[in-house]
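Below is one structure, written out as structure tokens; comments come after it.
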Amino acid sequence: MTERGCDSPGTPDNGVKMGDRFCLANGVWSGTVARCVSEVGFMTERGCDSPGTPDNGVKMGTYYGYGVKITFYCNPGYRLRGKDTIVCEHNGYWSDPIPACIGDFYYDIPWDVKEALKSPLTEMKNMSDTLNVVDDGVKERALNLNVSGVRHVVYFVIDASSSMGDRDFKKGVALTRAIIKKINVTERGHRVGVITFSNNATAIVQPHAHTTMAEVLEQLGNLRYTEGGTALSKALDTVKTDFDTAKHRIRERNEKLKLSIFLITDGKANLGGSPKQAITKLREKPYGAEVYGIGITTSPDREALRSLVTEPIEDHLFILRDYDSYTWLAEILTNGTIDYSQCGSTHRHNIDTGKQDVVTARIARGEKVETHWPWMVEVQKSKQEMCGGSIISRTWILTAAHCIHHKKSNTVASAHEIKIRLGLTDKENTTFAQEATVKRIVMHEGYNATILMNDIALLELEKNITYDPYIRRICLPPEISDDSNDFYREGKPAFVIGWGEQDKKVIDRRANSILRQAKANIVSNRNCTEAYRNVTGSIITDTMMCAGGYGGGDACEGDSGGPLMQGIAKDEYIWTQVGIVSWGHGKGCSRSKKPGVYTNVAKYRRWINQYVVDSQEARN
């Protein structure tokens, strides 16, 4: 097994190993476990079909008759999540899905967390008499748990220590706020408490003192990151003391209080002793707390967190890997709607490497893309001529002028000639793809096909794009770039993506099916001009920019029109298109010592804004 990679997915019973499953960043294979089933389906005369073998695990037993139990074990270094034994029932189906074997580098996926929390959330929702009614009489989609006889008191214990850092602390606060917004905090209803801790613990929100949603949210707005040690045991003692006070002040006669605790931490306690004793008191009578853990940071202490939460652990401990995942979880749990219109936001592609946390297979200095760059689109002029492009608003695609120009006839392609596909990583897998038709083509009026000057074009779509996790827009740079700008600085990392060739030496010069990305550091125009000084017909103008070369990554044929991107770290990683793939030396893509040449997008912001007038999106 490679570091933080995946073991072999194994071979299904009565079958062979084939297909396109990919090793994901959380150490598991994409897709589902392969099984060979009988032609008549899952229900057979002999019982059930093979349940399959979990990745990184083994299945004990090969007979699947009615009533037969099958047990699963994990390979060394992995632990079981789910039921270790399942039974073939008389309806021909297995009693439970097969479990998963997860390693120490495993991260939860928001949708899986949603499924795991479905049962407790549904139970709480079923206690509701009605949905919360807002002042204007419109019913809001919110958790209303105000049922006579049962009141929930939910504590959020948020780590503000140095091991978390300011950015991860803000994640925890944002997630806490999102969940609290959907709990009906009222004088006679449910209550919440918020405890933050570093060297000491502080009760920011108290169930007996803050009785309305407005009061709670106001207190959350005052939270600040403090740094210091990690005194989790003090925080849990504070929960106990605070709840002892609250239950005497808010409980009516014969009214039951149900205590739940969400620990939002990396689990690395280093002050005040072990938190196990404190959490044990809270989980036992008379408190009976149900304890959940949400692991934050890229290196949580998993074993410590496992020791704190209520069993079964897989239903109470969730470790997410990035800012997007926390945002998604908050929205999913509270029935919210994710705003996919925000520009430049994607899964956590590191701004220095362009990758997620796991190194994927390297191919000619271009790397297979694990998750979508959601603004990348395929622009097809004919079966033989294919380019890339990028989404900059709901109705506009940005690409290179030479992609929509017929060089032989010196004419611009007509709109009906162009086909657009969005939401693609693997062009052979169209699960998340959308197709779009072009209404109008706008090629820069100063385009020069000989020297590829003003190599920029806009494609206006017939219909608005529907944004989703796989289809989003990229940010555009400021119109004027100076030394204080985050972009275009020599030596800074940038990334180019596309389906172009891996290497021109390869005999098979078909464009790749899998989207690839390559790191291409920014090269100054002065150094780029020097690199092309002896290349006939090569002119670097001030509206062009350069990146890559010197044996590093760069674009290839088939990448034309796609984005050159730079990222900046804010609350999450935000990506901006600084260039459009235009031209290069033409002697071998990533092997070339000469930089690739790109259209400088910042130089054309005013031109872009002349046409993208139907939306303010591209201006942000």
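The values are calculated or read from the model by the stated rules, or taken from the named source; none is laboratory data. Values in this document were obtained by computation on a predicted structure and should not be read as measured data. Cβ coordinates were reconstructed from backbone atoms using ideal geometry, including for glycine residues, and neighbour counts include every protein chain displayed.
Regarding the stretch 154-165, can at least one residue be identified that is free of Cβ contacts under 8 Å to residues at least 60 places away in the same chain, touching a Phe, Trp or Tyr at 6+ places or on another chain (Cβ under 9 Å) and surrounded by fewer than 24 Cβ atoms within 10 Å (Cβ to Cβ)?
Of the residues in the stretch 154-165, the ones free of Cβ contacts under 8 Å to residues at least 60 places away in the same chain are none.
The answer is no, given that none of the residues of the stretch 154-165 is free of Cβ contacts under 8 Å to residues at least 60 places away in the same chain, touching a Phe, Trp or Tyr at 6+ places or on another chain (Cβ under 9 Å) and surrounded by fewer than 24 Cβ atoms within 10 Å (Cβ to Cβ).
Within the stretch 32-42, is there a residue that is modelled with pLDDT of 80 or more, buried (at least 19 other Cβ atoms within 10 Å of the Cβ) and not hydroxyl-bearing (Ser, Thr, Tyr)? Working first, answer last.
Step one: of the stretch 32-42, the residues modelled with pLDDT of 80 or more are none.
Checked against the condition, which is being modelled with pLDDT of 80 or more, buried (at least 19 other Cβ atoms within 10 Å of the Cβ) and not hydroxyl-bearing (Ser, Thr, Tyr), the stretch 32-42 yields no hits at all.
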What are the residues in the stretch 289-307 that are touching a residue at least 60 places away in the same chain (Cβ under 8 Å), of a type in the set (A, V, I, L, M, F, W, C) and assigned to a loop (DSSP other than H, G, I, E, B), if any? ILE296
Is one or more of the residues making up the stretch 277-295 among the hydrophobic types (A, V, I, L, M, F, W, C), surrounded by fewer than 18 Cβ atoms within 10 Å (Cβ to Cβ) and under 23 Å from ASP159 (Cβ atoms)? no
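Condition (residue is surrounded by fewer than 16 Cβ atoms within 10 Å (Cβ to Cβ), in the same structural domain as GLY548 (by TED's automatic domain parsing) and in contact with a helix residue (DSSP H, G or I) (Cβ under 7 Å, 6 or more places away or on another chain)) applied to the stretch 454-465: is it met by at least one residue? Step through it out loud before you land on a result.
In the first step, residues of the stretch 454-465 are kept if they are surrounded by fewer than 16 Cβ atoms within 10 Å (Cβ to Cβ); the result is 462-464.
If we keep only those that are in the same structural domain as GLY548 (by TED's automatic domain parsing) as well, we get 462-464.
Narrowing further to those that are in contact with a helix residue (DSSP H, G or I) (Cβ under 7 Å, 6 or more places away or on another chain): none.
No; the residues of the stretch 454-465 include none that is surrounded by fewer than 16 Cβ atoms within 10 Å (Cβ to Cβ), in the same structural domain as GLY548 (by TED's automatic domain parsing) and in contact with a helix residue (DSSP H, G or I) (Cβ under 7 Å, 6 or more places away or on another chain).
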Here is a list of conditions, (1) exposed (fewer than 15 other Cβ atoms within 10 Å of the Cβ); (2) in a helix (DSSP H, G or I), and GLU311 meets all of them except one; can you say which number that is? (2)
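Taking the condition of being of a type in the set (Val, Ile, Thr) and under 20 Å from ASP301 (Cβ atoms), how many residues in the stretch 194-225 meet it? Step through it out loud before you land on a result.
Pass one, the stretch 194-225, residues of a type in the set (Val, Ile, Thr): 194-196, 202, 204-205, 211-212, 216.
Narrowing further to those that are under 20 Å from ASP301 (Cβ atoms): 195-196.
Going through the stretch 194-225 one residue at a time, the tally reaches 2.
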Subset of the stretch 197-223, residues under 24 Å from ASN270 (Cα atoms) and in contact with a helix residue (DSSP H, G or I) (Cβ under 9 Å, 6 or more places away or on another chain), comes to PHE197, ASN199, ASN200, ALA201, THR202, ALA203, ILE204, LEU223
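Considering only residues that are touching a residue at least 40 places away in the same chain (Cβ under 8 Å) and assigned to a loop (DSSP other than H, G, I, E, B), look in the stretch 269-288 and name the one that is nearest to ASP244 (Cα to Cα).
Start the filter on the stretch 269-288 by keeping residues that are touching a residue at least 40 places away in the same chain (Cβ under 8 Å), which leaves 270-275, 277-279, 281-282, 287.
Cutting the leftovers down to assigned to a loop (DSSP other than H, G, I, E, B) gives us 270-275, 287.
Numbers: ASN270: 26, LEU271: 24, GLY272: 21, GLY273: 22, SER274: 22, PRO275: 19, TYR287: 9 Å.
Filtering the stretch 269-288 for residues that are touching a residue at least 40 places away in the same chain (Cβ under 8 Å) and assigned to a loop (DSSP other than H, G, I, E, B), the one nearest to ASP244 (Cα to Cα) comes out as TYR287.
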Identify all residues within the stretch 576-592 that are at pLDDT below 90 and under 17 Å from PRO493 (Cα atoms); write none if there are none. SER590
Is it the case that the stretch 229-249 has a residue that's at pLDDT below 95, surrounded by 21 or more Cβ atoms within 10 Å (Cβ to Cβ), touching a Lys or Arg at 6+ places or on another chain (Cβ under 9 Å) and over 19 Å from ASN184 (Cβ atoms)? yes
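For the stretch 169-179, state whether one or more residues are modelled with pLDDT under 80, surrounded by 24 or more Cβ atoms within 10 Å (Cβ to Cβ) and either part of a helix (DSSP H, G or I) or in the same structural domain as GLU218 (by TED's automatic domain parsing) (or both).
First pass over the stretch 169-179, keeping only residues modelled with pLDDT under 80: 171, 178-179.
Filter again for surrounded by 24 or more Cβ atoms within 10 Å (Cβ to Cβ), leaving 171.
Of the ones still in play, those that are also either part of a helix (DSSP H, G or I) or in the same structural domain as GLU218 (by TED's automatic domain parsing) (or both) are 171.
So far as the stretch 169-179 goes, yes, one or more of its residues are modelled with pLDDT under 80, surrounded by 24 or more Cβ atoms within 10 Å (Cβ to Cβ) and either part of a helix (DSSP H, G or I) or in the same structural domain as GLU218 (by TED's automatic domain parsing) (or both).
Residues checked against (1) in the same structural domain as TYR604 (by TED's automatic domain parsing); (2) at pLDDT 90 or above; (3) touching a strand residue (DSSP E or B) at 6+ places or on another chain (Cβ under 7 Å); (4) surrounded by 22 or more Cβ atoms within 10 Å (Cβ to Cβ):
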position: ASP486; (1), (2), (3), (4): yes, no, yes, no
position: ILE497; (1), (2), (3), (4): yes, no, yes, yes
position: ILE507; (1), (2), (3), (4): yes, no, no, no
position: SER513; (1), (2), (3), (4): yes, no, yes, no
position: GLN517; (1), (2), (3), (4): yes, no, yes, yes
position: ILE539; (1), (2), (3), (4): yes, yes, no, no
position: LEU564; (1), (2), (3), (4): yes, yes, yes, yes
Out of everything in the stretch 422-447 that is crowded, with 18+ Cβ neighbours inside 10 Å and β-branched (Val, Ile, Thr), what residue ends up being modelled with the lowest pLDDT? THR425
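Which one of GLY92, GLY67 is in contact with a Ser or Thr (Cβ under 8 Å, 6 or more places away or on another chain), modelled with pLDDT of 85 or more and either over 29 Å from GLU290 (Cα atoms) or in a helix (DSSP H, G or I) (or both)?
Details: GLY67 fails: in contact with a Ser or Thr (Cβ under 8 Å, 6 or more places away or on another chain).
Only one candidate qualifies: GLY92.
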If we scan the stretch 541-559, do we find a residue that is in a strand (DSSP E or B), in contact with a strand residue (DSSP E or B) (Cβ under 7 Å, 6 or more places away or on another chain), at pLDDT 80 or above and not hydrophobic (A, V, I, L, M, F, W, C)? no
